[in-house]
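Encoded as structure tokens, the structure appears first; notes follow it.
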Amino acid sequence: MTLAIDGPAASGKSVVGREVARRLGIRFLDTGAMYRAITLASIQQGVAADDACKLSSLAACADNGDDITPRLRLAEVDASVSAVSAVSGVRTALVAQQRAIASDGSIVMCGRDIGTVVLPDASVKVFLTASAEVRAARRAAEMQQRQETFDTRQVLAALQRRDKIDRERDDSPLRPAADALVICSDHLTIEEVVCQILAEVSQC
């Protein structure tokens, strides 16, 4: 089984996807973390977010054995990840890796183009969304939990910029697959979203 969960930033894809995978007893992959890892590497190596050639090479050769998870949510990564993700060479390299991972067995994979590009034949496709205001509040809560300073208005503006870049990029723009189950989580709990997805899975 392959389950694709797509959606904009801070829509809850990772939390929901991880829990769905746990209940199904299968693997989980947050592809957004892969793009964040390339973005972090580009910052550390001084590669500009608009240097498509160097970014593509970085993605093709990426092999970091260190645990960089805590650094993937740094503000500077947040600020550049959509621009880095829009580079076709970066997407090509990471999509190939994602498909290879999926070929190893059942998996829940979340991102922005899983159902449309990475796994177009996924058993179940879900597009999880929420209003920009709700997503900004969630992101602000995450930042507060990490004891980061933030301005709610700036968090909202940053999300809206990311949405624009993700939806308007030429390569693999953010959009629901034609056969995806679209869930707006504005007024839903994580448990309610998880149950809707599991109900869809049970019909396969």
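The values are calculated or read from the model by the stated rules, or taken from the named source; none is laboratory data. The structure displayed is predicted, hence computed values, not measured ones. A quick note on method: Cβ atoms are made from the backbone with ideal geometry, for glycine too, and the neighbour counts reach across all protein chains shown. For the accessible areas, the whole protein counts, side chains as well, though only heavy atoms, and no ligand, DNA or RNA atoms are used. Shrake-Rupley method; radii C 1.70, N 1.55, O 1.52, S 1.80 Å.
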- [ ] Calculate the spin-label point distance for A199 paired with S103, positioning each point 7 Å from the Cα along the beta-carbon direction, and give it in nanometres.
- [x] 3.7 nm
Open item on the list: Tell me the label only: which of [x] 25, 21, 15; [y] 28, 18, 16; [z] 30, 22, 14 is semi-axes √(5λ) of the Cα gyration tensor in Å as calculated from this structure?
Closed with: [x]
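What's the FRET efficiency of R22 with D50 using the Cβ-Cβ distance as r and R₀ = 45 Å, to the nearest 0.05? Spell out each step's value before the answer.
On the way: r = 39 Å, r/R0 = 0.86.
Computed FRET efficiency for R22 and D50 comes out at 0.70.
Exactly which trypsin sites (Lys or Arg not before Pro) in region 101-204 are in a DSSP loop and have at most 16 other Cβ atoms within 10 Å?
On the way: sites: R112, K125, R135, R138, R139, R146, R153, R161, R162, K164, R167, R169; in loops: R112, R146, R169.
Those that pass, being in a loop and sparsely packed, are R146.
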Open item on the list: Using Cα-Cα distances under 8 Å and only pairs 6 or more residues apart, what relative contact order does region 40-198 have, in percent?
Closed with: 25 percent
Task: Sequence-distant aspartates and glutamates (8 or more away, or on other chains) whose Cα lies within less than 12 Å of K13 - done: D30
Task: Of V118, V155, V84, the one that fluctuates the most in a GNM where the chain has Cα springs shorter than 10 Å - done: V155
Open item on the list: Heavy atoms of the protein only, probe of 1.4 Å, neighbouring chains included. What is the accessible area of M34 in Å², nearest 10?
Closed with: 30 Å²
TODO: For region 101-204, give the percent of accessible area contributed by carbon and sulfur heavy atoms, probe 1.4 Å, rounded to a whole number.
DONE: 50 percent
Task: Most mobile of L74, L58, L174 in a GNM of the chain (Cα contacts under 10 Å) - done: L74
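Could you check how much of the accessible area of region 50-94 is carbon and sulfur, as a whole percent, using a 1.4 Å probe? Intermediate results must be reported in sequence, preceding the final value.
Working: 1280 of 2430 Å².
Carbon with sulfur: 52 percent of the solvent-accessible area.
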Task: GNM flexibility winner over the chain from A75, A122, A41 (Cα, springs under 10 Å) - done: A75
Task: Accessible area in square angstrom per residue, the chain, 1.4 angstrom probe - done: 50 Å²
